[in-house]
Amino acid sequence: MISLGAYLGISFILFICGIMVMIARKNIIAILLGIELILNASALNFAAYTKFVNGNLEGHIMALFIIITAAAESAVGLGIVIRFFQLRESIHIDDASTLQN
Amino acid sequence: MAGSNCLLSLILWMPIVGVLGVLLMPKDKTTWIKAWALINTVITFALTLVLYAKFDQTQAGMQNAFNVSIPWISQFNIFYRLGVDGISLPMVLLTGLLFMLCILSSWTQIKKSIKAYFALLLLLQTCVFGVFFALDFFLFYVYWEVMLIPMFFLIGVWGGENREYAAVKFFLYTFFGSILMLVGIVALYFATNQSVDSFNILALSGGKFSQLNVHMFGQTLSFSKLFFIFMFIGFAIKVPVFPFHTWLPHAHVQAPTAISVILAGVLLKMGTYGFLRIAFPIFPDSAKYFSTAIAWLGLINVIYGALCAMAQTDVKKLIAYSSVSHMGFVMLGLSAMTVQGLNGAVLQMFNHGTSTAMMFFMIGLLYERSHHRWIVKPDGSRGYGGLYTQLPVYSIIFIIGMFASMGLPGMSGFISEALIFLGIYQKFTTITVLALFGLLIGAAYLLWMFKRMFFGDVNPEIKGYEDMTKLEITYMIPLCVAVILFGIWPSPILNMMKASVGQLASLLATF
Amino acid sequence: MDYTISTVAPIVLLPFFAFVINVFLAKRVPLAAVAISTLAIFGSFICAFRIFLDFQNVYAVGYHIHKVFTWFDLSAGEHLFKVNMGIYIDNMTAVMLLMVTAVATLIHVFSTWYMHDDERFARFFVYMSLFTSAMLGLVLSDNLLSMFIFWELMGFCSYSLIGFYYEKEGAGNASMKAFMTTRVGDVFFLLGILICWMIVGSTTFVDIYAAIGAGKFAGSFNVFGIALPIATVAAFSVFMGTMGKSAQFPIHVWLPDAMFGPTPCSALIHAATMVAAGVYLSLRMFPLMEAGHLLTFIAYIGAITAFGAATIALIQTDIKAVLAYSTISQLGYMVIGIGVGSYNASFMHLITHAVFKACLFLSAGSVIHSIHCQEMPQMGGLRKKLPYTFFAMLLCCFAIAGVPFFSGFVSKDRILGDALVLALENPSYWGVAILGFGGALLTAFYMFRMLFLTFFGEPRDHHIYDHAHEEHIGWNSNVPLLILSVFTLGLFYSGSFTGQGEINLFGSKNEWFSTLIHKPEASHLEHFAHYEHEDFGATDTRDKVELPKAQYDENHGMDEHHAHWVHQIHHLGAILSILIAFSGIFMAYLMYIKKSVNPGWWAETFAGWRRALQNKYYFDDLYINKIIQKGLLPFNDMLAKFDSQYYDKYVVDGTAVLNRWAFNVARWFDNNIIDSGMVDGTGASVRAVNLILRTIQSGKIQLYFIVLIVVLGSYILTLRF
Amino acid sequence: MFANTLFLLSAVLTLAGAVLVVYSQNLMHACIYLLASLFGVAGLYACIGADFLAATQLVVYAGGVIILMLFAIMLTGGTGNRTNKYGLEKIPAMGNKKTFMIAAFAAIVSALIVIKVTIPVFQNNKNLIVAANAPTVERIGTLLATDHILAFEISSVMLLGALIGAAVISRPRKEIHD
């Protein structure tokens, strides 16, 4: 039951869900949630390949870096969101369509 | 026997005589028209009973005594071939019975263009008999297609508020399936080198195409698998199997009562009959190959139909979805391809015909009184409530129909479901375990519906409803007797079919 | 006596024909319908009594009569498949038949008094007749399939009788809940039947026993890729049937609600017979349970039920609710009996419980009928008004509490004694023994609480008390109670008063119950293999061999030393039971008669637990509010919405829309490209490109992302790996 | 058996969480569903012996990121749907039918891409090696300190940058509030 196919399938569905969330939502925080899902999908892929394809731990390292990047991304991203909210009193993604102020 | 030879043709064309009679009558003599149609269907039903009496129950396969084979379009080797065996006989009896009862139920319910209605209903009966009797593929196809025309008008003219949409949807959906089937027919015609038997269903069957390949889009495909899929979709739309089921709720909800009964009681069975008569015997190897997929589809039908039924607030739609669920059991039985499974499937076809017809009749009667079908109205108030107190006789007959439909032991549904489970268990354990929960959900939605409609204090809106009239009770009694009698004593039906079904099972077992 | 259609079939068919006739008669001549029903069940009783005498006097342990007839036959060509029905009578069946017919007869008689004011007087008897015929059919069944059929028919009757007062809103809910909850168990039971059918080839008990003896149930069962031992799955599935019907934890929730029905039907169906059918099934399939190594599980289910239900019964104020929970609790004891291998005592408890619980319910019915109220806090002091009812109920309370010399003590004490023995041998059973004894204490307490609240003290509601009818002796009002209450004496079930062999009145020979009912040992199962089907017809084709009559075996087949030890433990258990019973009664006495202990103090001290008890440990809340309302129904709505509003609307109707698009595109192509497109194409194309580029540069990040995906997609999808 | 059960549970948790994130119309719920999904992913890591990854996943995501998200949701006005002074929706809707249609289109395209990319994996790896489960912490530590030292350092600098950056960006500045 635990097989590469299963893992790839799960990560595939996670990825698709992430894409759906990223595009369908108009809420910036929700979009960040979608990004987390996508990052998890890729990290899961790396881990699965480590287990089922070559066996060395490069995949784990990569997944670890993905987690680190995700953490950094969400910290900065949410900082921006809060700032944006202070400025515009909205977190609608389409309100962020101008690059001036 | 000289008389037996024309018996099938007699049954087949008797309703057409009725159609001609109806057409010749003046438009305003409605009672004459109704009486004529009734007499006609009674004679037809009596003739099917004669057929049952003359039927040799020990003989497997087509009964030679009744076979008819006359050249029709000899350039293309198309024959007028009719025959009857143990698989079609229960369906023929069911057709004869239900059309008779439907004429009775339409007696007071149909108010506009009575002449056209009864003419179309009788025309429909001929087509249905034709499908069950035909042994020539082309003839089968003709009946299968012609049947759509009266059905289209019956739904589209006498239906509910959204009737045109439902009729068009029904027509297009079934037509799409028929076209795939036509492709299959043409392919078979050329695969047999246009010989004398290229449309003979009996001669085609037996797995003669298992080695054949076909070249398409640069790929080499198995002939048998490709055209099994075509035929499968054609019949599956009629059953209906899961991804093709959406015409059914619309058609059932919009159709007048008698047409809903015919639709659920007979027309759905034509799909599964098509599997048993055509798709399985002609392509037994592919049937075997796809049996797991069919079983999963059947399981989805069972569970999905039941869950969808539970969410409905329109009681007719609820029963429509319950048909989806029950036909899923038939598909499960077919996919098992064992003696028990196939027998169970054919028995379930018959039993579902009686029990679901009963439910649709009962809902039609209720609709006549209340002019709505909401269990819970769209504004959240209850549509009925306390019917048990107001309509005691109606409630008792409804209970019989409901528990038969639920498969309560002692009622007809149980034996067929038990046989199906027994058949399928030998092949697909997991599916059996999951399908058993379909029984649970099946009981849940029916009881829940019953509770909301019949228990509790009397809703002021339903005060003044009259209980069933003598006429209504009269035409419900045969069905009540059928669901109880065949629940306790299934042998009459099983003895009829077991030889033919056993033959089919043996054929499938060799692949 | 011969076992032919004419001697055995009437047991089932008399009530069944009464049902069929009454369906048509009930509306027109209600009194005739009632008479027909009651006489029919009395006829069954006579036939059953003959069989019982035959078995008690003539046959050996292990002797059975098994006759079959073909129900339907699917054999065609080389496929052989036949479904047989038949009767199977052994000692257990004989005793069970006697009990069911006797209790049912008395309850029918009582109902003629209790229900005669009801407008649906005759209809009640219609259901009762159908129910008794189904129950008797179940008892006589020789196979699981027909057992299942009758089982479900009883479920249907139970459904109808719970919903008997269908105008009440709660009745509909309760009846549906009862049917659906037991249906959960039934689905598993059906699975168990399918497994047995597949493995054994038929569902007759005899064949199943033989198959177990031959070890055919070894092997495993694959579901979702998980392999499970087949015997365990089969045993568990069958036991789930028991759990549903006999209201075992965690699907016990239907039984208390079943009290919506009229009281006599509660007595017959939800106390004495139908709920015991579950236990009967497990006893029948005991070898399978043993082969599946399921006994510990069963014992714990029983123990949890016995104790848990007893705790809930402590705070109930509705007299029928107390009895309902005590029924669940007592059924738990029977299940413990199965789990600890105390086959004989478990079955004996089934019988004794049926008698005293039927009597208790009828007494409660008598109380309710005379004061038109079910709440115990409004009763009190009824002893003077209802002396006969009080007497019957007192005896029954002694029996259920386990006071020596009464039937409940004889049977329950053996179960608990066996649990104690097993606990000493195998420490994992300690939980069962402790919960069992704890439950016994609570049982004694809450039963006497009920008795004291109802019959003793001062009347608490004078209005009700003054309007109560004085009780007079009457053949159909309290004579059935008194008859039943006499049979709560332990002496009828065991030659000794206590069942311990301490005080032998008629000598050990009269231990007829222990002599008749023996556990089907695994080693005995083989002899079922040499068995031939006999036809169930007008003549009896059995070999009329005279088997030696069974003798009472003091040691129950164990060796001398071990038997002695077991006896010692049993004595210990008996003493413990007696102490527990009396301390429970004493506590109730202190609280409700002497009033030296304040129940309110206990309620306040254990307020949290009390709240849990009042909510019945939140099971209803969990099942109905959480699982069904929050889980199932929204899920269904979602599916239905998906079906009609997404799948149908977009996918199916979408093809039509596509079609329309296609011809619109064709028309557009014709009009614009061919007609005007060629003429001023250049200017338009520049404007169009301009428009497109402007749209793309909208600053909307999601649009950028979509463009990214599309471009990347079209690039990657055209690549060839 | 245990591994299978764990895997099944985790997979169901992951997928259900992910699907509910898509389905949920409430941002707060979506966030909690995401947490469930991330827990599931940790379980999936555990199933293939990636113990360190599983632990990191739990600590960083459950302990860090989700909390951060929840704070952000609450700081931006919770989940109520109100209008701000510009007449814009303060907390916009979680998408509507139209956006979901577009999203489904994008999802189908990306699904095709992923499938296209993944198929060779299965074609080329008919018989895969399945590495035995062994503790990974020590080896990961070694690898991080030797082979991947540069990336490790860069990521630490990046984290620091992110920390300071986030603090600086979200610092309230009075003059903007007019």
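What follows is calculated from the coordinates using simple rules that are stated; it is not laboratory data. The shown structure was predicted, so the numbers you read here are calculated from the model rather than taken from an experiment. Heads up, the Cβs are rebuilt from the backbone with ideal geometry, glycines too, and the neighbour counts pull from every protein chain shown.
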With DSSP loop assignment and no more than 15 other C-beta atoms within 10 Å, the GluC sites (Glu not before Pro) in region B:425-511 are B:466
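Under a Cβ-Cβ cut-off of 13 Å, what is the net charge of the residues other than residue B:499 that fall near it, where Lys and Arg count +1 and Asp and Glu count -1? Please report the intermediate quantities before stating the final value.
On the way: positive: B:498; negative: B:56, B:85, C:73, C:78.
Local net charge: -3.
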Taking a ≥ b ≥ c as the square roots of the Cα gyration tensor eigenvalues, with a/c under 1.5 meaning rounded and otherwise prolate when a/b beats b/c or oblate if not, region C:615-679 comes out prolate
The aspartates and glutamates whose Cα lies under 20 Å from the Cα of residue C:649, excluding any fewer than 8 residues away in the same chain, are B:161, B:164, B:314, C:637
Filtering chymotrypsin sites (Phe, Trp or Tyr not before Pro) in region C:14-87 by DSSP loop and by at most 16 other Cβ atoms within 10 Å leaves C:63
For the protein assembly as shown (alpha-carbon point model, no solvent) the Debye-based log₁₀ I(q)/I(0) at q = 0.04, 0.06, 0.08 Å⁻¹ works out to -0.32, -0.71, -1.18
Helix B:429-454: inclination vs chain B longest Cα principal axis, degrees, rounded to 10, gives 30
Under Stokes-Einstein, chain C at 20 °C and 1.002 mPa s, with its Kirkwood radius over C-alpha pairs, diffuses with a coefficient in µm²/s of 75
Charge tally for neighbours of residue B:407 with beta carbon under 15 Å away, counting Lys, Arg as +1 and Asp, Glu as -1, is -2
Site residue B:474, offset 7 angstrom along Cα→Cβ, radius 20 Å on amide nitrogen, limited to region B:42-73, gives B:42-47
Rounded to a whole number, the mean other protein chain Cβ count within 10 angstrom for residues of A:56-63 is 6
Quick calc: nm separation of the 7 Å Cα→Cβ label points for residue C:669 and residue C:426 -> 7.9
Whole-Å distance linking the alpha carbon centroid of region B:283-322 with that of region B:476-503 is 23
With bins of 10 Å, the percent of all Cα-Cα pairs of chain B per bin from 0 is 4, 20, 31, 27, 13, 4, 1, 0
Filtered hits (lysines, Cα-Cα < 26 Å from residue C:595, offset >= 8 within chain) -> C:320, C:384, C:385
For region B:290-511 the mean separation of alpha carbon contacts under 8 Å (6+ apart) over residue count, i.e. relative contact order in percent, is 28
Rounded to the nearest 10 degrees, the helix B:412-425 long axis (Cα) sits at an angle to the longest Cα principal axis of chain B of 40
Flagged as over-length at 22 Å C-alpha distance, from B:34/B:111; B:238/D:98; B:269/B:498; B:111/B:463; B:238/D:97; B:112/B:269, the pairs are B:238/D:98; B:111/B:463; B:238/D:97; B:112/B:269
Relative contact order in percent for chain C (Cα pairs under 8 Å, 6+ apart) equals 13
Taking a straight Cα-to-Cα line shorter than 13 Å from residue A:51, and setting aside same-chain aspartates and glutamates fewer than 8 residues away, one finds D:51
In whole percents, the bins of 5 Å from zero upward hold the Cα-Cα pairs of region B:290-511 as 1, 7, 15, 18, 17, 14, 10, 7, 5, 3, 1, 0, 0
Total charge of the residues flanking residue B:231 in space, meaning their Cβ is under 13 Å from its Cβ, with Lys and Arg +1 and Asp and Glu -1, is +3
Kirkwood-based Rg/Rh on the Cα set of region A:26-91 evaluates to 1.18
Taking C:627-637, B:210-220 and ranking on average Cβ neighbours within 10 Å, highest first, one gets C:627-637, B:210-220
The helix B:315-336 Cα axis meets the longest alpha-carbon principal axis of chain B at an angle in degrees, between 0 and 90 and rounded to 10, of 30
Rg/Rh of region C:4-158 (Cα atoms, Kirkwood Rh), to two decimals, equals 1.04
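Per residue and in Å³, how big is the convex hull formed by the alpha-carbon atoms of region B:333-436?
Hull volume normalised by residue count: 124 Å³.
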The percentage of Cα-Cα pairs in region B:114-158 separated by more than 11 Å is 61
The relative contact order of chain B, taking Cα pairs under 8 Å that sit 6 or more residues apart, comes to a percentage of 16
Over all pairs of different Cα atoms in region C:198-266, the reciprocal of the mean inverse distance gives a Kirkwood radius in Å of 14.7
